[in-house]
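First the structure, in the form of structure tokens, and then the observations on it.
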Amino acid sequence: MFTDRLWKRVEPIWTAYLDHPFVRGLGDGTLEQDKFRHWLKQDYVYLIDYARLFAIGSAKADDLEEMTTFAKLLHGVLDVEMDLHRKYAADFGITKEELEKTEASAITTAYTSYMLNLSQRGGVENVVASVLACEWSYNFIGKELAKRPGSLTDNFYKSWIEMYSSAEFTALAEETKQLMNRIAEDKPEKELARLEEIVVKTSQFEYMFWDMVEKKEEWLVKG
Ligand SMILES: Cc1ncc(C[n+]2csc(CCO)c2C)c(N)n1
């Protein structure tokens, strides 16, 4: 399957996420809350653009089944995932209006612009390749962190781990993987190699995103 081939390419990058200090800190609860606040705000504006990708996917879908998958994913971001952000933000006294007003950092902008550009230019395969790593890698991280002893007891980040490792999110990630495999079936090698590079590039962006929030690179925003 195409996703098995993709896994071989992304495994080393994704394994590095698990060793990243930010991700480690989420798993054992030691992450500085100020760093998490930074993630919440940057991720919120990231997700606003990310949601647009699913809307583009829905418009470009080849059949009703694909359209429904994108609609489900759109709902997942707007009403489930962003709700987690709004709840954590409320704990910090940040309103949803403040979250929305966050100025995207250079990396956030580069990452979402890359995906939006590809998705607007190409067919539905570009949209699926663009969104795959984000979704699948968070589910991978959530499930790996959930396995770590103590990660789900007395951890401020417990709801984070629970949400991304949940059956609901696992099902969404699996559905996107299936869609990628279905689309890949009748594509020539040259096209598969191009789609593979999109998944690798977005995986690299994911690492840069973790790094950005770890280092709280506010200077990227403020200049
Ligand atoms: C930088 C960044 N990358 C990936 C995700 C995770 N994610 C984005 S959309 C989606 C599925 C539908 O909600 C998931 C799991 C994130 N939040 N932030």
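The values are calculated or read from the model by the stated rules, or taken from the named source; none is laboratory data. In this text the structure is predicted, and so the values were computed from the model without any measurement. Cβ: placed from backbone, ideal geometry, glycine included. Neighbour counts: every protein chain shown.
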What number of residues in the range 26-61 are in a helix (DSSP H, G or I) and without any contact (Cβ under 8 Å) to a residue 12 or more places away in the chain? 1
Determine whether residue 155 is more than 17 Å from the chain's Cα centre (by Cα) and more than 21 Å from residue 14 (Cα to Cα). yes
Those residues of the range 57-88 that are within 14 Å of the ligand (Cβ to nearest atom) and buried (at least 18 other Cβ atoms within 10 Å of the Cβ) come to a total of 12
Scan of the range 10-53 for residues that are of a type in the set (Asp, Glu), more than 17 Å from residue 85 (Cα to Cα) and within 16 Å of the ligand (Cβ to nearest atom), ordered by number: none
Do the conditions hold for residue 140, that is, is it surrounded by 14 or more Cβ atoms within 10 Å (Cβ to Cβ), within 16 Å of the ligand (Cβ to nearest atom), at pLDDT 95 or above and not hydroxyl-bearing (Ser, Thr, Tyr)? yes
Exactly one condition in (1) at positive phi; (2) within 16 Å of the chain's Cα centre (by Cα) is not met by residue 93; state its number. (2)
Residue list for the range 160-177, restricted to those being loosely packed, with under 14 Cβ neighbours inside 10 Å and either small (Gly, Ala, Ser) or over 13 Å from residue 135 (Cα atoms) (or both): 167, 171
Which one of these is on the phi < 0 side of the Ramachandran plot and either crowded, with 17+ Cβ neighbours inside 10 Å or touching a Gly at 6+ places or on another chain (Cβ under 7 Å) (or both): 7, 39? 39
Only one of (1) in a helix (DSSP H, G or I); (2) more than 21 Å from residue 199 (Cβ to Cβ) does not apply to residue 102, and that is (1)
Could you please give the count of residues in the range 164-196 that are within 16 Å of the ligand (Cβ to nearest atom) and free of Cβ contacts under 8 Å to residues at least 12 places away in the same chain? 4
Could you tell me whether any residue of the range 126-141 is under 19 Å from the mean Cα position of the chain (by Cα) and free of Cβ contacts under 8 Å to residues at least 24 places away in the same chain? no
Report, by residue number, each residue of the range 119-131 that is more than 10 Å from the ligand (Cβ to nearest atom) and either within 17 Å of residue 9 (Cβ to Cβ) or crowded, with 21+ Cβ neighbours inside 10 Å (or both). 119, 124, 125, 126, 127, 128, 129, 130
Any hit, the range 165-179, residues being over 24 Å from residue 26 (Cβ atoms), of a type in the set (A, V, I, L, M) and in a helix (DSSP H, G or I): yes
Quick check: anything in the range 132-150 among the polar types (S, T, N, Q) and out of contact with any helix residue (DSSP H, G or I) (no Cβ under 7 Å at 6 or more places or on another chain)? no
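Residues are listed down the side, and each one gets a yes or a no for (1) at pLDDT 95 or above; (2) over 27 Å from residue 36 (Cβ atoms); (3) of a type outside the set (Gly, Ala, Ser):
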{"residue": "148", "(1), (2), (3)": "no, no, yes"}
{"residue": "168", "(1), (2), (3)": "no, no, yes"}
{"residue": "190", "(1), (2), (3)": "yes, yes, yes"}
{"residue": "193", "(1), (2), (3)": "yes, yes, no"}
{"residue": "197", "(1), (2), (3)": "yes, yes, yes"}
{"residue": "200", "(1), (2), (3)": "yes, yes, yes"}
